[in-house]
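Bear in mind these aren't lab numbers, they're just calculated from the coordinates by the rules spelled out. All figures in this text were calculated on a predicted structure; none of them were measured in a lab. Cβ: placed from backbone, ideal geometry, glycine included. Neighbour counts: every protein chain shown.
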Amino acid sequence: MTNPSANLHAAFARQIDLALDALEAAGTLPGGLPRGAVTCEPPRDPSHGDLATNAAMVLARPAGTNPRALAAALVAELEKAPHITSAGIAGPGFINLRLDGAAWLAELARIAETGADYGKSAMGGGNVVNVEYVSANPTGPMHMGHCRGAVVGDALAALLEFAGYKVIREYYVNDAGGQVDVLARSVHLRYREALGEDIGEIPSGLYPGDYLVPVGQELAKEYGDTYAAAPEAQWLAPFRARAVAAMLIAIKHDLSLLGIHHDLFSSEAELQAAGKPEAAEKWLRAHDLVYDGLLEAPKGKTPEDWEPVELPLFRSTKFGDDQDRPIRKSDGSWTYFGADLAYHFQKAESADALVDIWGADHAGTVKRIKAAVAAMTGADGATPKPFEVKLVQMVQLLKGGEPFKMSKRAGNFVTLADVVEMVGKDVVRFTMLTRKPDAQMDFDFDKVVEASKDNPVFYVQYCHARICSTLRKGATEGMAPSADHLDLLGEEELGLVKIAAQFPRVVEAAAAAREPHRVAFFLYDLAAAFHAYWNVGNDRPEKRFIVAHDSKLTSSRLFLAVQIGQVVKNGLALLGVEAAEEL
């Protein structure tokens, strides 16, 4: 099979490299200039050509020459290359290239040959990336506040694998804080209820959702009334463990409704029990990154009862933070930052790069945890391991443009399971990727199931379904896809290939930027182009995919349709969305 990375853009990037090599050999260009910033991509305006390169722009200054003069020399070399019909200089030195039809037909054949692998890349080189996402407190069912980050993280993991990375999908279980003690007390109340006690209204401060009722019933069956009147010290630990385990089962079930499965669930409680925070503190002290010092007074008006306290502080100001941060509280317990620091230290031991998907409400802690990771992975002269935090904004639920409420078993929020049941997994996943994660999002239950161009989910799904329908119709008329007469395809048909051929570079760019929504944007553009071509056939029968009196042209257009459908299917697979065969 052809190397899936050997796509059209990569092939012509290689032609640009060869042309630069020729200029070096001729002495027109000094040898050894770094070419990392040289690009080969479609121009912003398609009327300017098929591909554009900035080679002359980025190499002229280090070469000590004028960009347009270098561009002229480079154009002369590129015009010798196969499949380049013209090369022209634009503006201060950009070069636009036009390719012959054979280049695009070869790419169409490459899509057919590589199939589900079309768009795959080796750019990751097998490097390990740890992607941590969701990591919701194990205190109740998944809700829509978790959904967007879950989808973004899962799509990013799939994208990185497709781009040649090895990926660890991780969920960090925050099971060591006060919230799990509240959970245990809430379950104990339901346990007493299951034993027949009238518990009345759920006290303020406990979790009110009836999702804890079955947990209490199971504990009542197992323990009888052993802990009904027992002091909290006797039942808190076992009830906490059982409650967290039950919540994780529920969380995994809810995530599975979205097709999400993590490789690793890391427990904060286990991390602390294993002494990992102490080990991290010892290591940081040995590298003069933690010291005992006085915590700065809170900014603004200082509380009357505030007193300076000596605490172990991480030198986060050394890495761009505005103050050094405590890793322990005054009672000796770990701060959230201290525990999180140790957790990231652990993750970094088994990964080459880290990516965290966080809710936007955690924006204030990004700088300090990035400082900690840079410190821990960049000690003793090492290059710090890449670490990115992607912030995801909340989703506002609407119905018909109005805020949406529904009956909730969760107590005070709309569950993810409820939403998936209402509109389906694919609609939820694709919709979550139709905007940049850090942009606000409205999820309107009416809009996301609307059969219109304004609904990206439907528009892309309909593209694939329309292709499948066309192929079925062709089969009933004895017409089948064939690559035997692809030279019959004209400029309008090749226009679809030109857009589809961008998929491999979209994959690499999206993986490099850690932005899976770019794939969703690309799919919408490809679907729009396909639907536009289809609509031409409504007015011009000779432009339809099936032309009854011309089997050769029909077989070629059906072959084109199959490959466009394959690219749509590949892109949807990265987003975790099924490619519908009929709607």
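Loop-located trypsin sites (Lys or Arg not before Pro) in segment 347-448 (DSSP state not H, G, I, E or B) with no more than 11 neighbouring Cβ atoms inside 10 Å: LYS405. Under 11 Å from a label point set 7 Å out along the Cα-to-Cβ vector of LYS80, the amide N atoms of segment 20-51 belong to 20-26. Annotation for ASP331 and GLU222: the two label points, set 7 Å from Cα along the Cα-Cβ direction, are 2.7 nm apart. Summarising the amide proton neighbourhood of LEU29: residues at separation of 5 or more, or on other chains, whose placed amide H is nearer than 5 Å comprise GLU24.
Mean residue ellipticity at 222 nm, helices only, the chain: -15500 deg cm²/dmol; runs of at least 4 DSSP H residues each add -39,500 (n - 2.57), and the sum is divided by the number of residues. Close amide-amide hydrogen proximity is noted between GLY359 and VAL392, each under 5 Å apart and 5 or more residues distant or on a separate chain (H modeled in the peptide plane; Pro and chain starts excluded). Which of the three applies to segment 419-486, rounded, prolate or oblate, going by the alpha-carbon gyration tensor with a ≥ b ≥ c and a/c under 1.5 meaning rounded? Taking the square roots of the gyration eigenvalues as a ≥ b ≥ c, segment 419-486 is prolate.
The three principal axes of the C-alpha atoms in segment 8-99 carry coordinate ranges of 32, 25, 22 Å, sorted with the longest axis first. Considering the zone a paramagnetic label at THR383 would reach in this model (a point 7 Å from Cα along the Cα-to-Cβ line), which residues of segment 330-368 have amide N under 13 Å from it? Inside the label zone: 352-353.
Across segment 169-176, coupling constants 3J(HN,Hα) worked out from phi with the 6.51/-1.76/1.60 Karplus curve, θ = phi - 60°, read 8, 10, 10, 9, 8, 7, 10, 10 Hz, and Gly and Pro carry x. How large is the translational diffusion coefficient of segment 177-328 in µm² per second when you combine the Kirkwood radius over alpha carbon pairs with Stokes-Einstein at 25 °C and 0.890 mPa s? Answer, rounded: 128 µm²/s. Rounded to the nearest 10 degrees, the inclination of helix 232-257 to the longest alpha-carbon principal axis of the chain is 20 degrees. Using a cutoff of 8 angstrom between alpha carbon atoms and counting only pairs six or more residues apart, the relative contact order for the chain works out to 15 percent. A crude spin-label estimate for the pair THR476 and MET441, with each label 7 Å from Cα along the Cβ direction, gives 3.8 nm.
Using the Cβ-Cβ distance between ALA274 and SER469 with R0 = 51 Å, the FRET efficiency computed as 1/(1 + (r/R0)^6) comes to roughly 0.35.
Normalised by residue number, the volume inside the convex hull of the Cα atoms of segment 456-575 is 94 Å³ per residue.
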